[in-house]
Structure formats: structure tokens, C-alpha cells
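A quick write-up on the structure given underneath.
The values are calculated or read from the model by the stated rules, or taken from the named source; none is laboratory data. Keep in mind it's a predicted model, so treat the numbers as computed, not measured. With ideal geometry, Cβ positions are generated from the backbone for all residues, glycine too; neighbour counts draw on all protein chains shown.
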Amino acid sequence: MDLNEDVKYIKGVGPNRVKLLNKIGIFTLKDLITYYPRGYEDRSKPKNICECINGEEAALEVTAVSKIIETRISKGRTIQKLLIRDETGTATITWFNQSYLKTKFEIGKTYRIFGKINYKYGKIEINSPVFDEITQTNNTGKIIPIYPLTFSLTQNTLRKIIENGLDKLHEQGGLKETLPEYILKEYNLDDINKATKNIHFPSEFRKFESARKRLVFEELLSTQLALLQLKNNNLNDKNGITFNKNVKMSDVINTLPFNLTKAQLKVLQEIDDNMESKKSMNRLLQGDVGSGKTIVAIISAYKAVKSGYQVAILAPTAILATQHFNNFKNILDKFNIKSELLISGITKKKKEEMLKKLEDGEIDILIGTHAILEENVIFKNLGLVVTDEQHRFGVKQRAKIAEKGQNPDILVMSATPIPRTLALILYGDLDISIIDELPPNRKEIETFAVTNQMEERVNNFIKKQLDDARQAYIVCPLVEESEDEESDLKAVVSLYEKCKTEIFSNYRVEYIHGKMKQKEKDEIMFNFKNGEIDLLISTTVIEVGVDVPNANIMVIEDSQRFGLAQLHQLRGRVGRGEYKSYCVLKYNGKGKNTKERMKIMCETNDGFVISQKDLELRGSGDFFGTAQHGIPNFKIANLFTDMPILKLAQAVAVKIIEADNKLESQNNCLLKDLVKDKFSDRIEI
């Protein structure tokens, strides 16, 4: 059975549909059968007309009591009406521009329909329902899966294609089992074919729940096994660097113009113990925006250099790399430690000189972007690798830079706080340190959530801050105006024009977005940092660690469009100096969920609380992107709602790896194949 067979060979898929399927990530038969529904409609249990509630979707078994009456309402527009009844009452069905339906209904014949109930003037109307004759079950009489779609691809079409794909599988002997028999028995799990059929087309919800449990368990178990194997590979490595016990971190700490927090000191102790042990350090350092992770990296780098090793600092953008470079130099220059900056903008000649010095050991600390990963970047004696903003660098990139030394210690820094339980799952290959307090000088950012009716007041407030020589950000979710005419989302370019020529014409206004060239973006951020721009209109490209102490106000347009964790990251761009700082969340929509999210942002500045709420409200699918952690995106598991299965999968994985850490026994050969299949392109195992 070739699961990699092109989806174009499935019955019902023509050249046009292939393109539509490709748009939603379906290229192969495997993609098709693992394109899971986002929800289900129960069209299996009919109601009586008299039981219907306004606004609900309901299944009914009814008799046609009239022919379809068609009325022309304007040129090219018609309306079709059909009177129906059951033993408890009557209702009217309405369709628009569906003339072909006139031949589909006969007076006195019984039909099954499913649609939204509308009460109008005491009468029940159902607009454009799906229907079947009573003997059919194409659209009704069963539980119907609902899939995430792209335009021009209907639910019915996709359902039929998936059904054809499953039929083809069945004809060719079905799927090969991916979990060992002993696991299926011990944890009472469906076999793979039963689970795959029932996740798409369950005859009852009990069967769907059983299928989902099996598929979620498999997804989470394979992730845990992969990460535990990776961790074991690190732990079993006896050739890690033992850094010099006589090099004291306190040498740097005592020279700092500020006191470290207890949390920072605790984390430094954990890192110090790691560095002095024989095993390689693989540690995740989590800390909220502004909690002081960089100084921890600087002190750790000092210990590595004074023990005779070089250090690599990997940052996601040139401006962040430059910021790190300045911070490292300010603190470590006095210790005769040589730092250099490697970013794409430097001249060829300077780069060649730098690379030679690096290879000769004349550079102690190299700070840079992805440029550090290039093959021609050779260290003489790399001992410590620090990657900043981990979600921009996958597991494999981490491994790539580690290969530039002899098992260097690795410190991964992340400013995206996630609950510890989830951190243990997602970073199963790393030990975890958390800085859970902010430095005493860090100002709390006052946050307000307002609707667009407050726009003038917000603009006046921005002007007041700018007049006091402060700087401001306005963040938008889009670069260009949406094609959707009803959408009033502010686009960066058009908002920039309006601000520059109308609202803030007396100030220096600039804009930045992700579609610009890196050099352009770096230049604008550099000018903003240097105070040459008063107001910066931006997309989320400014969310990563850039430090502009004079910027004290951020306004986020259409903030309902962002996740809470992202709003928190953006908000962290202000409040980095001595000035009182503000974040204004402008939002549209009166939904309960929107209001609750805005309320959380106004009530707390704690990133861990916010990320927990974000998971509750949005689920893990949106919270973790595919590239974010170097592990595959979960197709069916939800890390928040599936926590019990997650904990079970973790316990099972630990038990398996303890008994068979390379999955070499006959019992575990299926698990070995499963891990390979899912992770071979992301994790070296």
C-alpha cells in the first residue's frame, strides 16, 4: 500500500481539485486520510418541528405538502419556497437561485432535512438546508464530519474524496498497524484501520471518541519517544566538556551595576553545575519578556571563555544580534574577552578576516544570525552554544551548530513562556530552567482594551507621549488591505499614509513589515532605536527582543486577531526604559471569547498565566506552529484538552525507553519505524 501515492489518482479528484487539495496541504493519500475533521454535525437524530429552537441546526423528517413555488426577486435572482410538515407542525423551506430543485420534491413524499431554524413572525423558516429522500443517507441520517476548507472546495466534495480514499485503502488491504500489539491491548486502543475509518465517518460518537483517543495517543507517544531518545543520546555522551571549577561566575556578577534576582542566581547555579559536570549541558532557559535572560547568557559565556573555550550566540535577526553584541561587549570587554558580530551586512573582506581569526582562536565570542550555521564558519575550540528565541530555530539547526565543536554545552533561551508541563513535553530533550521573577527596576506596563470609538482619544494620548520626547509603536495584523471588502483591518502601508499625512503629520513616521528586505528592516529598526523615528507602524516583525528604552507606548490594531501569547510578546517591546509605559489594545467584536481575552491582557503581565489561558481559549493547534519547535505540528492532539492522554503517553514512553532505549527489540520495531517516519527530517535519532 503506497501512502505516498499522489492524491490525483483518487477517484473524484481532477486537475482542478488537485490544486485545491494542495492548497490545504493534501498532496498524497496519506495527507488525505490524516486530514482530520475539525468537528461533527449529528444529523442522525431527527426532531419534531414543534421541538425546534430558534437559531439551532436540526435534523427533521418531513413530508412535502406543496410543490416548490419559484418567485423572481430581481434580474437573475430567484427564490424557491417549499411547505413541509410533520405530525407536530408546519414549516417553510427557502432556497435562493436553485431552480433545479423544482423537480426534486413530490407532494406527499417524505424527506430528511438538516438546516438552521429561524423563527419569523411566529412561523418556522429553514434556509437552504441539505436534504435526502427518506431512503438515502448522502447528507443526513448520520454523523457528518466538518473539515477545514479552502474556497471553492465544498464539504460534500471533500467528504466524498476522503471516502473514496478510504475505500481504495480497504481494497488494497488497509493500513499497516503502527503500534505494537502489547500497547493496543494494555491501553485498550482501536487498531489503525478502525480508528482511521471512525475518525472520519463514525456511526456514533462513542466510536469517534475511541478512534480519537488512539490517534492522539499515537501522535503524542511518537513525539515523546523521539525526544527521549534525543535526550538519552545527549546523556549517554560521556565526552562532554568539563569547564574549569576555578572560574567563578561571581567575578562578573560582582562587577554589575545592578543586583541579580533570586531567580537569575538560581538559574546560574544550575548552569554552573551543568558546565562543571562531565556531561554536555542541554538546557532550556525560559523567562518572561524582560526577565533578564541575556545577562545569564553573558555570565555563562564568561565561564566558558575563561575555561579556554569559544562561545557562539545565535540570534534570529541582525538587529537582535547587534543588540546582544553591544550588551556582551559592555560587560565582558573589561575581562579582555574578544567578541565579534557576524551578520549578512558585513563586507566580504571583513568577513574573511573574522573567519580566519575565529579559526585561529583569536575571537572568544561570535554573535550572529543564521550566518553562523554556514559551513565556512569554523571554530578553533567551541565550548558553549546559546540560541536565542528558540522557536525560530528547530532542533536540527541546534544540532548543526553543535557539530561545530566537540559536544559543546547548549543553552536555549525562550521568551515565550509556556506552562512547565508543556515545556517538559515540547522540550523533552532539554533540562528546563525558569526565571520566574522580573528585575525590580522593570516597570509594569499598563494595558487598556478599547473599541474603535476611542480612536481619537488614543491618538491624542500617543501625541502627548511623543510631545514628551517618547516614541511609539502601532502594530497591525496585515500588510495590505484585505480582498474582503467587509474587512476593516488596518494595513500597515495604508495606515502609514494616513498617519504621515493626516493624524501624525507633525511627527517622524515610518513603517516596517515582514515582506521588506532584511537590510531595509534592520535600517529602520536601527533608526528607531537611535531616536530618529517618533512613530513606527509595524506588523509583528517587531515582536522579537529588540530593546528601545525610549519607546513607552504600543497600540495594537485589531488585537482580537492575535493570540494572547503574541500580544504579550508585542507588549514586551515597551516598558524597557525608565518611563511609565502603556499598551492599548484596540479590538472589534462583542463575542464572549474576545472580551475574556482582552480582560486577561489588562489584568496580568505574567506570561505564564497568559500562555495557559491562550491554550485554554485557542487550543494548541494555533499556539505552536510547525516550525516553532522543530517537531511536526500535531494533526489531531490538543496539548491543553488532551493533557490526560499526554501524561499517559509520557509515562508509557519513559517505561519503553528505560527498557529499550534504542527501540531495538522485536516488540518495539513498529515504534522505531513510527518515530523514524515522523521525525527523520527534523531530529537525528
Under the condition of being touching a residue at least 40 places away in the same chain (Cβ under 8 Å) and not hydrophobic (A, V, I, L, M, F, W, C), which residue from the range 345-369 is nearest to Lys517 (Cα to Cα)?
Gly345
Filter the range 1-11 down to the residues that are modelled with pLDDT of 90 or more and either surrounded by fewer than 17 Cβ atoms within 10 Å (Cβ to Cβ) or in a loop (DSSP other than H, G, I, E, B) (or both) and list them by number.
Glu5, Asp6, Lys8, Tyr9, Ile10, Lys11
Looking only at the range 1-59, which residues are more than 23 Å from Ile199 (Cα to Cα) and of a type in the set (Asp, Glu)?
Glu51, Glu56
Residues that are at pLDDT 85 or above and touching a helix residue (DSSP H, G or I) at 6+ places or on another chain (Cβ under 8 Å): does the range 673-684 have at least one?
yes
Pairing a residue in the range 561-590 that is among the polar types (S, T, N, Q) with any residue that is in a helix (DSSP H, G or I) and surrounded by fewer than 21 Cβ atoms within 10 Å (Cβ to Cβ), where Cβ atoms lie under 7 Å and the two sit 6 or more apart in sequence or on different chains, gives Gln566/Thr540; Asn588/Asn452; Asn588/Gln560
Condition first: on the phi < 0 side of the Ramachandran plot, in contact with a strand residue (DSSP E or B) (Cβ under 7 Å, 6 or more places away or on another chain) and touching a residue at least 40 places away in the same chain (Cβ under 8 Å). Can you find one or more residues in the range 14-25 that meet it?
no
Could you list, ordered by first residue, the pairs with Cβ atoms under 9 Å in which the first is in the range 256-272 and in the same structural domain as Asn327 (by TED's automatic domain parsing) and within 11 Å of Ile295 (Cα to Cα) and the second is assigned to a loop (DSSP other than H, G, I, E, B) and modelled with pLDDT of 95 or more, at least 6 apart or interchain?
Leu268/Met249
Residue by residue through the range 557-581, note down the ones that are surrounded by 21 or more Cβ atoms within 10 Å (Cβ to Cβ) and closer than 18 Å to Phe528 by Cα.
Leu570, Arg571, Gly572, Arg573, Val574, Gly575, Arg576, Ser581
So how many residues does the range 558-606 have that are among the charged types (D, E, K, R) and under 24 Å from Lys463 (Cβ atoms)?
7
Looking at this structure, is Phe114 at negative phi, part of a strand (DSSP E or B), in contact (Cβ under 8 Å) with a residue 24 or more places away in the chain and not basic (Lys, Arg)?
yes
Give the range 138-163 a look and list any residue that's farther than 12 Å from Leu21 by Cβ and assigned to a helix (DSSP H, G or I), or say none.
Gln155, Asn156, Arg159, Lys160, Glu163
Flag if Leu495 is in contact with a strand residue (DSSP E or B) (Cβ under 9 Å, 6 or more places away or on another chain), modelled with pLDDT of 95 or more and not small (Gly, Ala, Ser)
no
What number of residues within the range 173-191 satisfy the criterion of being closer than 25 Å to Ile144 by Cα and either crowded, with 19+ Cβ neighbours inside 10 Å or touching a residue at least 40 places away in the same chain (Cβ under 8 Å) (or both)?
4
Quick one: which residue in Ile418, Ile378 is at pLDDT 90 or above and over 15 Å from Gly240 (Cα atoms)?
Ile378
Given the structure, is Glu106 of a type in the set (Asp, Glu), closer than 22 Å to Gln136 by Cα and in the same structural domain as Glu125 (by TED's automatic domain parsing)?
yes
